[in-house]
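Q: Sharing a structure here in structure tokens format.
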Amino acid sequence: MIVLDRAGRAAARSQPAQRPRRRVRREQLPVLAASGVLVLVGAMALVPGAFTAADPILADPIATLRPPGAEHPFGTDLLGRDVWARVVHGARHSLFIGLTATVLALLVGVLLGLAAGVGHRYLDEFVSRVFDVLGAFPELLLALLFISLAGTGTANLIIAIGIAAAPRYGRVVRAETLAVRNAGYVEQAALLGIGAWARALRHVLPNALGTIPILATLGLGSAIISAAGLGFLGFGPQPPLPEWGSLLAEGRNYLRIGWWLGVFPGLAITVTVVATAVVGGHLQRRFERRNSL
Amino acid sequence: MSSTSLATAVRPAPGQDTDLLIDVQDLHVHFPTGAGPVHAVRGISLQVRRGETVAVVGESGSGKSVTSRALVGLAGPHARVEAARLHVGGQDAGRFTERDWQRVRGAEIGLVLQDALGSLDPLRTVEQEVGEALRRHGTLSRWDRRGRRAAVEELLAAAGIPDPAVRSRQYPHELSGGLRQRALIASALAGGPSLLIADEPTTALDVTVQAQILDLLAQRKRDGLGLLLVSHDLAVVAAVADRVLVVSGGEVVEEGPVADVIGAPAHPYTRTLLSAIPSAGSRGRRLSPDRAPLPERSIDVDAPVVVADGLGKSFRRRGGAIHAVRDVSLTISRGETLGLVGESGSGKSTVARLLLGLTRPDTGTVRFPGAERPGAGPQLVPQDAFGSFDPRYPVGAVVAEGLGHLDRTRRRARVVELLDQVGLPASVAERYPRQLSGGQRQRVAIARAIGPRPRLLVCDEPVSALDVSVQAQVLDLLAELQAELGTAVLFVSHDLGVVHHVSDRVLVMRHGEIVESGPVQRVFRAPAHPYTELLLDSLPPAVRPIRPPHAPVPEPGATS
């Protein structure tokens with residue numbers, strides 16, 4: 001027998017039946033690790049006491065600027081506060097702001113997107129132009145603008161990030177709604193005597209929202225970055241409350257004498273955001289695979 | 001056959017039999033998949049000679065397309081292709097590298113695929129497309145613009161494209177389906193190949209265009225071109241092929257001269273395929289080899305279910321309005337099937353949507369005399385059953401959607417009853433449409449449509465996407481259900497054979513107007529309008545209804 005095709009020969013050599021299964025497992029490893037990170041950070045936010053006994057706010061003038069060691073795994077800061085404790089307790093603020101801002105963005109975006117998708121042409125025009133205007137500014141700049149008008153504070157920070165991120169969900173929902181609105185199954189429901197509202201709720205809405213969990217997971221990462229960025233600039237929870245962005249800002253000036261002050265909060269932000277991106281990407285791939293079946 | 005001595009030779013020297021364009025012995029193709037390797041082609045042998053047309057006929061998944069692709073080295077990057085002998089254009093292709101294949105494709109073998117729009121680059125004009133094929137395989141220099149244009153126009157003219165000078169400057173989206181297919185054939189022939197492989201070259205085309213393309217292929221065959229035709233359509237094959245290979249499950253189940261295979265099929269599978277073709281002769285009978293009679297239907301002419309009067313609908317497009325439907329009136333009685341035939345763009349689907357109330361008419365009315373229950377409006381059996389199911393719904397929920405007037409337990413019982421009526425087990429209710437085959441999906445769509453006991457069922461190309469044997473089962477099912485339920489049916493189709501098989505009366509549409517109407521036997525045996533006649537003459541001879549040799553010639557313009 002003659003064997004053709006270079007790839008075919010390679011496939012024949014490496015026993016094609018076994019290869020795919022092993023690859024799936026290797027693919028899942030980073031996703032499992034990332035999910036683990038998110039669970040860990042979530043647990044830190046909920047029960048910081050389980051991770052550290054130290055008080056994140058209590059100063060200890062004797063133990064200032066200690067490098068990482070057995071007693072203080074992430075070292076201590078200028079006032080002798082345990083950096084590990086501050087990072088652990090900071091998870092609550094950073095994650096809380098990121099999550100609530102994402103939920104707010106979802107609420108605003110999905111509602112406006114749906115209204116634009118199913119509503120009258122003029123409403124669609126109006127909402128789309130609002131999205132266009134909002135989308136013309138970088139999200140962080142928009143949030144800064146809002147804070148400069150409304151003032152600092154955690155609540156304003158959440159609203160600022162939420163509104164700035166709303167168009168990205170709204171646009172997707174609008175486009176999906178328009179696509180689903182004329183789908184065969186919506187027409188069939190009409191023929192079967194299902195009313196317009198029931199059709200929108202039963203068929204249009206759920207199918208238009210299919211990608212939203214993915215977008216929200218990916219969006220959570222950027223909301224955390226926005227929160228940390230604004231916190232870094234001093235617009236977030238005010239000192240002495242620990243928040244990853246403000247921790248980073250505090251450490252910035254002492255990088256030469258105490259690298260641990262900036263590096264560990266920075267790592268916390270990076271690892272959390274990368275983890276949301278990995279999980280979001282995994283959800284997206286799974287969604288695409290399901291839809292291509 | 002003179003080739004038997006050659007078939008045993010291990011390596012015929014080039015030039016020994018230059019007429020033998022393709023000589024394949026015991027071809028196997030495997031694809032690795034997640035669930036283990038799939039053996040798509042299992043020992044197919046075939047030969048094509050100069051000036052000969054060989055057809056490979058089979059249903060989806062039979063391995064016919066994989067076979068044709070393996071012959072040009074395009075079986076796919078993961079495919080494992082093995083053969084005892086694989087000779088292409090007199091050369092041993094068993095050890096071909098990708099570079100060797102590139103040399104052979106176009107120059108020795110031209111390839112024409114079904115999807116002409118997908119096969120043509122949307123950003124290149126026809127001249128660029130065909131010109132590149134010329135440049136790669138011809139002596140034409142890259143800079144010889146004028147020479148290229150002349151050569152391209154000559155090829156287009158040979159492929160039967162009118163106004164080649166105009167057409168060569170157009171892009172694929174500016175051409176009709178038939179012209180696209182011709183352009184594709186022109187570019188496949190640009191390199192002067194001695195063999196053309198055509199995979200379902202006419203499947204997406206209207207019947208009149210299909211006839212023109214088949215004519216074109218037959219003409220090139222007379223010029224000495226070898227043709228390997230891959231098709232699901234036995235009628236098309238019968239019209240152009242010399243020899244036929246019937247494939248099923250990756251194996252050849254029957255092979256021989258076309259007259260023998262079609263005239264006296266030996267293998268049961270071939271017989272099933274042939275008996276599944278709906279035509280004039282199959283009226284009132286099942287599309288299975290036993291041709292058992294279908295249950296009698298009673299048509300109640302005094303009980304019209306739907307009366308449409310003077311329907312008109314136009315759509316605004318750039319450059320003016322398009323009159324999709326003009327002054328269409330029709331009546332369908334209880335138990336009657338009205339066929340609606342026409343080519344793409346004739347407005348037949350718009351008529352269906354107007355009757356269903358999915359589109360509002362500009363003029364005219366649709367009435368449903370005697371419709372007392374509001375929930376039992378007309379129901380639709382669509383062409384794309386899968387797209388008509390909410391992807392989140394299991395089959396049970398799909399079928400139950402129209403049964404909102406029943407309580408939970410009665411609804412569940414009715415779903416099981418409906419699934420049983422369409423020949424599906426109750427366990428299907430828990431599965432999702434994406435887990436079902438095309439035929440099963442269409443059955444689910446029918447179950448959903450008859451659920452609310454509609455008086456009118458609109459079937460819009462309900463079997464066009466199905467394999468012929470599955471199509472036969474679905475048509476049989478529809479006929480049984482109609483006899484049982486006494487539903488009136490509007491059957492919209494481009495397929496005259498199907499319409500002839502199922503309809504009592506028929507409307508022929510063209511450019512949004514009804515050009516002819518009447519009892520199906522009368523219209524198809526003695527058409528009064530020249531367009532109906534053209535449609536019927538375009539059918540491959542195997543499925544053309546027999547007409548009296550001297551049909552009465554009507555006055556021109558008669559619209560019955």
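Q: Could you list A:TRP244, A:TRP197 in order of exposure, starting from the residue whose Cβ has the fewest other Cβ atoms within 10 Å?
A: A:TRP197, A:TRP244
Q: If you don't mind, another one. Report the charge-dipole magnitude of the protein assembly as shown in Debye, nearest 20, computed about the Cα centre from +1 at each Lys and Arg Cβ and -1 at each Asp and Glu Cβ.
A: It works out to roughly 1360 debye.
Q: Return a whole-number percent for the relative contact order of chain A, with Cα pairs under 8 Å and 6 or more residues apart as the contact set.
A: Working: 403 pairs, mean separation 62.6, N = 293.
Relative CO of chain A lands at 21 percent.
Q: A further question follows. Just tell me how shielded B:72-81 is by partners: mean number of partner chain Cβ atoms within 10 Å of each residue's Cβ, no decimals.
A: Per-residue shielding by partner chains comes out at 4.
Q: Something else about it: Which values, in whole Å and largest first, are the semi-axes of the equivalent ellipsoid of the protein assembly as shown obtained as the square root of 5 times each eigenvalue of the Cα gyration tensor?
A: Numbers: eigenvalues 712, 306, 142 Å².
Taking √(5λ) for each Cα gyration eigenvalue gives 60, 39, 27 Å.
Q: Can you give the mean number of other chain Cβ atoms that lie within 10 Å of the Cβ atoms in peptide B:377-384? Intermediate values should be presented prior to the final figure.
A: Details: counts 4, 1, 3, 6, 0, 5, 1, 1.
Per-residue shielding by partner chains comes out at 3.
Q: Something else: Taking a ≥ b ≥ c as the square roots of the eigenvalues of the Cα gyration tensor of chain A, is the shape rounded (a/c under 1.5), prolate (a/b larger than b/c) or oblate? It would help to have the intermediate numbers written out before the result.
A: Values: a/c = 2.75, a/b = 1.33, b/c = 2.06.
Cα axes put chain A in the oblate bin.
Q: Next up: Please list, in order along the range A:74-85, the HN-Hα scalar couplings obtained from phi with the Karplus expression 6.51 cos²θ - 1.76 cosθ + 1.60 (θ = phi - 60°), rounded to whole Hz, x for Gly and Pro.
A: Values, residue by residue: 9, x, 10, 9, 4, 8, x, 7, 6, 5, 4, 5 Hz.
Q: In addition: Enumerate by residue number the trypsin sites (Lys or Arg not before Pro) in the range B:351-400 meeting two conditions: DSSP loop (anything except H, G, I, E, B), and at most 13 other Cβ atoms within 10 Å of the site's Cβ. Before the final figure, lay out each step's value.
A: Working: sites: B:ARG353, B:ARG367, B:ARG392; in loops: B:ARG392.
Filter output for the range B:351-400: B:ARG392.
Q: Report, in degrees rounded to the nearest 10, the 0 to 90 angle that the Cα long axis of helix B:408-421 makes with the longest principal axis of chain B.
A: 50
Q: Under 17 Å from the Cα of B:LYS313, which lysines turn up, not counting those fewer than eight places away in the same chain?
A: Once the sequence-local lysines are set aside, what remains near B:LYS313 is B:LYS348.
Q: Restricting to Cα pairs below 8 Å that are 6+ residues apart, what does the relative contact order work out to for the range A:238-293? Please round to a whole percent.
A: Relative contact order here is 24 percent.
Q: What angle do you read, to the nearest 10 degrees and between 0 and 90, between the alpha-carbon axis of helix A:19-46 and the longest principal axis of chain A?
A: Between helix and principal axis, roughly 50 degrees.
Q: I need B:MET509, A:MET44 ordered by Cβ neighbour count within 10 Å, fewest first. Intermediate results must be reported in sequence, preceding the final value.
A: Values: B:MET509 25, A:MET44 21.
Taking fewest neighbouring Cβ atoms as first place, the list is A:MET44, B:MET509.
Q: Now for a separate question. Step through the residues of the range B:176-189 one at a time and calculate ³J(HN,Hα) from phi using the Karplus curve (6.51 cos²θ - 1.76 cosθ + 1.60, θ = phi - 60°), rounding each to whole Hz and writing x for Gly and Pro.
A: Couplings: 6, x, x, 5, 4, 5, 5, 4, 5, 5, 4, 6, 5, 8 Hz.
Q: Quick check on chain B: take the gyration tensor over C-alpha atoms, sort the square-rooted eigenvalues as a ≥ b ≥ c, and tell me if it's rounded (a/c under 1.5), prolate or oblate.
A: Because a/c hits 1.5 or more and a/b exceeds b/c, chain B counts as prolate.
Q: Would you list, by chain and number, the lysines whose Cα falls below 18 Å from the Cα of B:LYS221, excluding same-chain residues fewer than 8 positions away?
A: In chain and number order, there are no partners.
Q: Sticking with this structure for a sec: Do you know the relative contact order of chain B, to the nearest whole percent, from alpha carbon pairs under 8 angstrom that are 6+ apart?
A: Here the relative contact order equals 14 percent.
Q: Something else: Please work out whether the range B:213-371 counts as rounded, prolate or oblate from its C-alpha gyration tensor, where a ≥ b ≥ c are the square roots of the eigenvalues and a/c under 1.5 means rounded, while otherwise a/b larger than b/c means prolate and anything else oblate?
A: oblate
Q: Helix-derived [θ] at 222 nm for chain B: sum -39500 (n - 2.57) over DSSP H runs of at least 4, divide by residue count, nearest 500?
A: Helix contribution divided over all residues of chain B: -9500 deg cm²/dmol.
FYI, it's all coordinate maths here, none of it is from the lab. Everything quoted here is computed from the prediction, not taken from an experiment. Because the Cβ atoms are built from the backbone with ideal geometry, glycine has one as well, and the counts that use them run over all protein chains shown.
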